[in-house]
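Take a look at the structure set out below.
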């Protein structure tokens with residue numbers, strides 16, 4: 001449960017806190033290689049509780065977290081990944097294809113926690129505020145929650161991997177969820193085999209990180 005004393009007085013974040021916060025941002029990684037030792041269910045619940053503090057359009061709180069615990073469902077997700085991954089490999093040729101084939105793109109086999117995160121596109125919470133011109137804000141709200149969960153997990157020494165090489169409609173069918181829910185993320189969670197400040201895809205030579213100034217424009 002969240003600490004109720006946090007609401008007593010506004011916080012004052014000092015320079016040391018900001019330094020550690022930056023360190024948390026820099027060490028948050030998309031983890032693909034997990035140890036198999038379990039994660040306490042109470043910790044997973046606390047991370048989801050923190051994620052639910054995320055901002056959402058109209059305070060709609062559209063996130064829906066599905067704990068994928070049953071082995072048969074995990075096996076079907078794994079099969080779906082294999083098909084989608086083989087199809088993705090066909091998009092590359094030459095050395096790029098060889099490099100793609102060597103990348104470990106999922107932690108589906110070893111991660112002890114699987115979490116499917118959906119957006120409820122028919123959520124009545126918020127009464128539609130802020131959605132008429134940009135209905136995709138519901139999806140963005142869920143992404144905000146995922147980012148909070150990711151950072152909070154890292155602070156607990158838990159890694160998170162976002163598996164995007166999946167067919168979202170088939171995953172929804174596997175989970176037997178309401179028709180109006182849309183898959184936003186399939187997350188693998190657990191203790192990482194190794195910890196690095198540099199993204200794995202950068203270390204593997206797939207894509208270097210670009211200076212942020214290249215993405216900033218003025219008008």
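The values are calculated or read from the model by the stated rules, or taken from the named source; none is laboratory data. Keep in mind that what you see is a predicted model, and the values were worked out from it rather than measured. Heads up, the Cβs are rebuilt from the backbone with ideal geometry, glycines too, and the neighbour counts pull from every protein chain shown.
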Can you name the condition, by its number, that residue 36 falls short on among (1) in contact (Cβ under 8 Å) with a residue 40 or more places away in the chain; (2) assigned to a helix (DSSP H, G or I)? (2)
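Would you check if there is a residue in the stretch 84-100 being touching a strand residue (DSSP E or B) at 6+ places or on another chain (Cβ under 6 Å) and either within 18 Å of residue 173 (Cβ to Cβ) or surrounded by 12 or more Cβ atoms within 10 Å (Cβ to Cβ) (or both)?
Pass one, the stretch 84-100, residues touching a strand residue (DSSP E or B) at 6+ places or on another chain (Cβ under 6 Å): none.
No: the stretch 84-100 contains no residue that is touching a strand residue (DSSP E or B) at 6+ places or on another chain (Cβ under 6 Å) and either within 18 Å of residue 173 (Cβ to Cβ) or surrounded by 12 or more Cβ atoms within 10 Å (Cβ to Cβ) (or both).
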Suppose we keep only residues that are touching a residue at least 12 places away in the same chain (Cβ under 8 Å) and not in a loop (DSSP other than H, G, I, E, B) within the stretch 197-206. Which one would you say is surrounded by the most Cβ atoms within 10 Å (Cβ to Cβ)? 200
Give just the number: which of (1) buried (at least 17 other Cβ atoms within 10 Å of the Cβ); (2) out of contact with any helix residue (DSSP H, G or I) (no Cβ under 8 Å at 6 or more places or on another chain); (3) modelled with pLDDT of 95 or more does residue 107 not satisfy? (3)
From the list 127, 141, pick out the single residue that is exposed (fewer than 14 other Cβ atoms within 10 Å of the Cβ), in contact (Cβ under 8 Å) with a residue 40 or more places away in the chain and either in contact with a strand residue (DSSP E or B) (Cβ under 7 Å, 6 or more places away or on another chain) or assigned to a helix (DSSP H, G or I) (or both). 127
Given the conditions (1) within 28 Å of residue 66 (Cα to Cα); (2) assigned to a loop (DSSP other than H, G, I, E, B); (3) in contact with a helix residue (DSSP H, G or I) (Cβ under 9 Å, 6 or more places away or on another chain), which single one is not true for residue 209? (1)
Only one of (1) surrounded by fewer than 18 Cβ atoms within 10 Å (Cβ to Cβ); (2) touching a residue at least 24 places away in the same chain (Cβ under 8 Å); (3) over 16 Å from the mean Cα position of the chain (by Cα) does not apply to residue 136, and that is (2)
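Would you mind stating whether residue 109 is without any contact (Cβ under 8 Å) to a residue 60 or more places away in the chain and farther than 22 Å from residue 30 by Cα? Lay out the reasoning, then the answer.
Working: without any contact (Cβ under 8 Å) to a residue 60 or more places away in the chain: yes; farther than 22 Å from residue 30 by Cα: no.
In short, no.
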Scan the stretch 54-76 for residues that are out of contact with any strand residue (DSSP E or B) (no Cβ under 7 Å at 6 or more places or on another chain) and either surrounded by 13 or more Cβ atoms within 10 Å (Cβ to Cβ) or under 17 Å from residue 164 (Cα atoms) (or both) and jot them down. 54, 56, 57, 58, 60, 61, 73, 75, 76
Run down 194, 180 and say which single residue is out of contact with any helix residue (DSSP H, G or I) (no Cβ under 9 Å at 6 or more places or on another chain), surrounded by fewer than 22 Cβ atoms within 10 Å (Cβ to Cβ) and either at pLDDT below 95 or closer than 19 Å to residue 70 by Cα (or both). 194
Could you list, in sequence order, the residues of the stretch 1-33 that are under 24 Å from residue 194 (Cα atoms) and in a helix (DSSP H, G or I)? 19, 20, 21, 22, 23, 24, 25, 26, 27
Looking only at residues in the stretch 149-190 that are over 15 Å from the mean Cα position of the chain (by Cα) and assigned to a loop (DSSP other than H, G, I, E, B), which one is nearest to residue 61 (Cα to Cα)? 180
